[in-house]
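This report concerns only the one structure given below.
The values are calculated or read from the model by the stated rules, or taken from the named source; none is laboratory data. The structure presented is a predicted model; accordingly, all values stated were derived computationally and were not measured. Ideal geometry is used to build each Cβ from the backbone, glycine not excepted, and the neighbour counts take in all protein chains shown.
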Amino acid sequence: MIRKFNYTNRKKVASDSITFILNTDKKIKDFDVQINLQEYNFPDHAKIYVEAYYKTNYMRFAFGTVSKISPPSNTYLFDLINTDLIYFRVKVVDETSTIGRLIALASGLEPKNLEDNTKNRMSILKVNYDADLGQRLYHLELDDIEDLPILEINKKLDDGSVLVTSDIFISTIYTSVIQEIATEIINDEANYNEDDDCWQGFWIKYFKKILGVNTNHPIKTDDEEFKKEWIEDIIISFCNKYQVRKRFSSLNLN
């Protein structure tokens with residue numbers, strides 16, 4: 001049974017205290033992790049759990065206690081075989097009471113692969129090139145995300161990683177992706193700004209700092225015209241910055 005946790009008054013563990021390495025060479029992926037919690041003064045008896053996840057699918061592994069970190073005998077990701085995009089969480093839990101109390105959490109951690117030297121990193125748009133989408137080319141996942149929007153690419157497409165950086169993708173599909181993300185943010189009941197440590201805050205900063213959108217993000221407004229203008233400003237700025245019409249015109253579609 002997967003135990004439930006009380007999330008009250010938890011602390012945040014810095015991402016540089018944890019490094020995940022994902023082994024993709026095997027038929028079933030597995031991982032290694034280095035965890036350093038010495039600076040946090042957590043109780044020695046607190047349990048450590050590692051969760052590998054993608055959207056609503058996840059697997060939990062017990063890693064011993066703060067005083068004695070003990071990896072399990074294997075970390076095979078049997079329940080996460082249909083995606084090449086995997087994130088990790090680390091939870092520190094006090095289980096001295098009936099319901100475990102979550103002391104600390106590190107979430108949204110992206111691993112590095114064995115074959116490269118890339119550290120845990122963050123991008124405001126994650127891409128999964130191994131999505132089972134039938135006849136759909138792509139899908140923007142916003143409903144079941146915990147950390148960042150996910151652009152899913154049909155696994156049946158050849159060279160998906162090349163496709164997403166191509167002129168045809170940037171000049172057609174990305175415009176719709178940007179519009180969908182902006183619409184999700186503007187219609188959310190919460191207040192977000194560029195300094196918020198959440199995916200909405202990261203995207204608002206991108207709209208303002210990179211695209212140069214000057215329109216302030218409205219706070220819980222019901223003004224539909226204002227919302228429409230804000231989204232339109234973002235689309236126009238995106239098209240101008242990345243020269244969408246010029247990219248499309250240069251394509252040889254005959």
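Is there a residue being farther than 18 Å from residue 30 by Cα and either modelled with pLDDT of 90 or more or of a type in the set (Gly, Ala, Ser) (or both) anywhere in the range 70-87? So that I can check it myself, show each step before the final result.
Within the range 70-87, the first condition is being farther than 18 Å from residue 30 by Cα, and the residues that meet it are none.
Checking the range 70-87: not a single residue is farther than 18 Å from residue 30 by Cα and either modelled with pLDDT of 90 or more or of a type in the set (Gly, Ala, Ser) (or both).
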Report summary line: Within the range 21-58, residues in contact (Cβ under 8 Å) with a residue 40 or more places away in the chain, under 20 Å from residue 102 (Cβ atoms) and polar (S, T, N, Q) come out as 56
Report summary line: Pairing a residue in the range 190-210 that is farther than 13 Å from residue 234 by Cβ with any residue that is assigned to a helix (DSSP H, G or I) and charged (D, E, K, R), where Cβ atoms lie under 7 Å and the two sit 6 or more apart in sequence or on different chains, gives 194/205; 194/208
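Which of the residues belonging to the range 226-246 are among the basic types (Lys, Arg) and over 28 Å from the mean Cα position of the chain (by Cα)? Steps first, answer last, please.
So in the range 226-246, the residues among the basic types (Lys, Arg) come out as 227-228, 241, 245-246.
Those that are among the basic types (Lys, Arg) and over 28 Å from the mean Cα position of the chain (by Cα): 245, 246.
Listed here are the residues, each with its yes/no results for (1) among the acidic types (Asp, Glu); (2) touching a residue at least 40 places away in the same chain (Cβ under 8 Å).
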{"site": "141", "(1), (2)": "yes, yes"}
{"site": "155", "(1), (2)": "no, no"}
{"site": "167", "(1), (2)": "yes, yes"}
{"site": "175", "(1), (2)": "no, yes"}
{"site": "180", "(1), (2)": "yes, yes"}
Report summary line: Selection from the range 17-41 of residues surrounded by fewer than 16 Cβ atoms within 10 Å (Cβ to Cβ) and of a type in the set (A, V, I, L, M) yields 21, 28
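I'd like the full set of residues that are closer than 16 Å to residue 78 by Cα and either part of a strand (DSSP E or B) or of a type in the set (Asp, Glu) (or both), limited to the range 47-61.
Start the filter on the range 47-61 by keeping residues that are closer than 16 Å to residue 78 by Cα, which leaves 50-61.
Of everything in the range 47-61, those that are closer than 16 Å to residue 78 by Cα and either part of a strand (DSSP E or B) or of a type in the set (Asp, Glu) (or both) turn out to be 50, 51, 52, 53, 54, 57, 58, 59, 60, 61.
Do we find that residue 236 is within 27 Å of residue 154 (Cβ to Cβ) and out of contact with any Lys or Arg (no Cβ under 8 Å at 6 or more places or on another chain) in this structure?
Details: within 27 Å of residue 154 (Cβ to Cβ): no; out of contact with any Lys or Arg (no Cβ under 8 Å at 6 or more places or on another chain): yes.
Against the criterion (within 27 Å of residue 154 (Cβ to Cβ) and out of contact with any Lys or Arg (no Cβ under 8 Å at 6 or more places or on another chain)), residue 236 does not qualify.
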Query raised in the report: Just a yes or no: is a residue in the range 237-253 under 19 Å from residue 126 (Cβ atoms), in a helix (DSSP H, G or I) and not hydroxyl-bearing (Ser, Thr, Tyr)?
Result: yes
Report summary line: Note on the range 225-254: residues without any contact (Cβ under 8 Å) to a residue 24 or more places away in the chain and of a type in the set (Gly, Ala, Ser) are 249
Query - Qualifying positions in the range 1-40 - in a loop (DSSP other than H, G, I, E, B), at pLDDT below 90 and of a type outside the set (Val, Ile, Thr) - result: 1, 3, 4, 7, 9, 10, 14, 25, 26, 27, 29
Requested in this report: Look at residue 179 and say whether it is in a helix (DSSP H, G or I), closer than 20 Å to residue 244 by Cα, at pLDDT 85 or above and of a type in the set (S, T, N, Q).
Outcome: yes
Query raised in the report: residue 67 passes all but one of (1) within 29 Å of residue 34 (Cβ to Cβ); (2) at pLDDT 85 or above; (3) surrounded by 15 or more Cβ atoms within 10 Å (Cβ to Cβ); which number fails?
Result: (3)
Query raised in the report: Among the residues of the range 130-171, how many are part of a helix (DSSP H, G or I) and out of contact with any helix residue (DSSP H, G or I) (no Cβ under 7 Å at 6 or more places or on another chain)?
Result: 4
